[in-house]
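Here the structure comes first, spelled out in structure tokens, and everything after it is commentary.
Derivation of every value follows stated rules applied to the coordinates shown; laboratory data play no part. If you're wondering where the values come from, they're calculated on a predicted model, not measured in any experiment. Counting neighbours? That spans all protein chains shown, and the Cβs are built from the backbone with ideal geometry, glycine included.
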Amino acid sequence: MKKFYLPLIVFATFISLNANAQSNNNDGGISDLFKGNPGDVNKLLNAYTDPLFKGFGNGLNGGWTNTAKTQKFLRFAIRVSATVSIVPDADKSFDLNSLGLANVKPTNAGQSVSPTFGGSSDTPGQAITVSDPAHPGDPNYQFKTNLPAGVIQYIPAPQIQLTVGLIKNTDVTLRLIPTFQITSDVGSLGMFGLGLKHNFGPDLSKTLPFDLALAVGYTKLTYSKPLDVRKNDNVAIPNQTLDGNFTGWNTQVILSKRLLFFTPFVSLGYLSSNTNVGLHGSFPFVTGATPGTTPGTANPTYTNYTDPISISGSNASTSGARADVGFQMSLFFLKIYASYSFAAYQSANAGVGLGF
């Protein structure tokens, strides 16, 4: 069973964003975004993490089925798969000037476009200047740093599920991962999902040369990770956590045709996903600056805020039409799956399973 957890560990590693970095480092971690008042930081986090959560929400909706044919009564199948969503070019960067930031500005006025999480890791984040609100425009009270670089444009999401046949060409699918701690550094993860599929082919005609089904699926994943965001004094602040839940709905009309052991399929449908992620505990923010020992330099000053950040709403949600094409290959009890999805975030899914 350990190998089944690999996609989960990969995802949790991505979402952690190197959050244990000190807030004065330029290491590409989440702490590089803790510059400015909570309003500014919330806008920066939403802009930077937008493709991560949209991609993951899109992936949660994948991998439900690769055929319109349903399991026979009380027959069952177990499958493990992973969906990888591809961040589109439009979501690989964001413009600082479009966020309406109060105390954070690009250091170079003509260089305001910075990579998101889905941008290239070879593209550094833009230089920013944090101004002390009490001394606007005074270079002696401005703290300069950099936003994080991109991480990866391929966002993974896992699927582990059991499908059981019911009566009248209907089956039900359960996705369940009891909440467990992967490691103390990576955090805890849990998943629940429920799907229903009905094959209308036999209802329409006993001689119909293909299967035609309607499938609906719902998935919810919860995640929690301890954080360690500090001031320059490097003193740990206890009870910092990143907590979130991700939900997805998927509806598909599926057409498939079995050709011996090979079953190709196509489908049309609609998906939606929602993300609600928040920081809980006390977190230090760079909210001002004091003059440094060298003219024109400054040292950051901090303010602690409790439960300061929430990532949700339209910036962390996606919805729209989708089309899938793929296949299921049956080799006795072994089944191999693969498909490709065309949507706002295109994605690929692959997996293996056992059917009885």
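Worth a mention:
- Spin-label pair Asn108-Leu174: with each label point 7 Å from Cα along the Cα-Cβ axis, the two points sit 5.8 nm from one another.
- Backbone geometry of region 171-177 corresponds, through the Karplus equation with coefficients 6.51, -1.76 and 1.60 at θ = phi - 60°, to 3J(HN,Hα) couplings of 9, 10, 10, 10, 10, 8, 10 Hz, x marking Gly and Pro.
- In terms of its C-alpha gyration tensor, region 180-281 has a prolate overall shape, because the principal axis ratio a/c (a ≥ b ≥ c, square roots of the eigenvalues) is not below 1.5 and a/b outweighs b/c.
- Within region 163-248, the trypsin sites (Lys or Arg not before Pro) that combine a DSSP coil assignment with at most 12 other C-beta atoms in a 10 angstrom radius are Lys168, Lys206.
- Amide H contacts of Ile128 (H built 1.01 Å from N, in plane; Pro and chain starts excluded): Thr107, Thr145, Asn146, Leu147 sit under 5 Å, all sequence-distant by 5 or more or on other chains.
- The dipole here belongs to region 2-355: it is taken about the Cα centre, uses +1 on the Cβ of Lys and Arg and -1 on the Cβ of Asp and Glu, and is about 1660 debye.
- Region 282-305 and region 68-101 have Cα centres lying 39 Å from one another.
- For Leu259, Leu101, Leu60, the sequence from fewest to most other C-beta atoms within 10 Å is Leu259, Leu101, Leu60.
- Considering only Met191, Thr107, Gly292, and ranking their Cα positions along the charge dipole of region 2-355 that arises from unit charges at the beta-carbon of Lys, Arg, Asp and Glu, the one farthest toward the positive end is Met191.
- Take the convex hull of the alpha carbons in region 257-302; its mean projected area over all directions comes to 9.5 nm².
- Within a Gaussian network of the chain (alpha carbon springs, distance under 10 Å), most fluctuating of Asn66, Asn37, Asn169: Asn169
- For region 117-124, 3J(HN,Hα) computed residue by residue from phi via the Karplus equation (6.51, -1.76, 1.60; θ = phi - 60°) reads 4, x, x, 6, 6, 8, 9, x Hz, glycine and proline entered as x.
- For Gln346, the residues 5 or more places off, or on other chains, whose built amide H falls under 5 Å of its own are Ile86.
- Per-selection Rg to Rh, region 49-136 - Cα, Kirkwood hydrodynamic radius: 1.28
- When the helices of the chain are scored as -39500 (n - 2.57) per DSSP H run of n ≥ 4 and the total is divided over every residue, the value at 222 nm lands at -3500 deg cm²/dmol.
- Against the main long axis of the alpha-carbon atoms of the chain, helix 6-16 sits at an angle near 30°.
- Kirkwood-Stokes translational diffusion coefficient of the chain, alpha-carbon pairs, 37 °C, 0.692 mPa s, µm²/s: 150
- Highest mobility in the GNM of the chain, judged by mean-square fluctuation with C-alpha springs under 10 Å and restricted to Leu52, Leu334, Leu176, is found for Leu334.
- Length-normalised contact order of region 2-355 in % [C-alpha pairs under 8 Å, at least 6 apart]: 21
- Point-charge dipole on Cβ atoms (K/R +1, D/E -1) for region 43-171, about Cα centre, debye to 20: 840
- The spread of Cα positions in region 192-232, taken along each principal axis and listed from longest to shortest, comes to 73, 15, 7 Å.
- Between 0 and 90°, nearest 10: helix 38-60 axis offset from the chain longest Cα axis: 20
- Three-way shape call for region 106-254 based on the alpha-carbon gyration tensor, with the a/c threshold at 1.5: prolate
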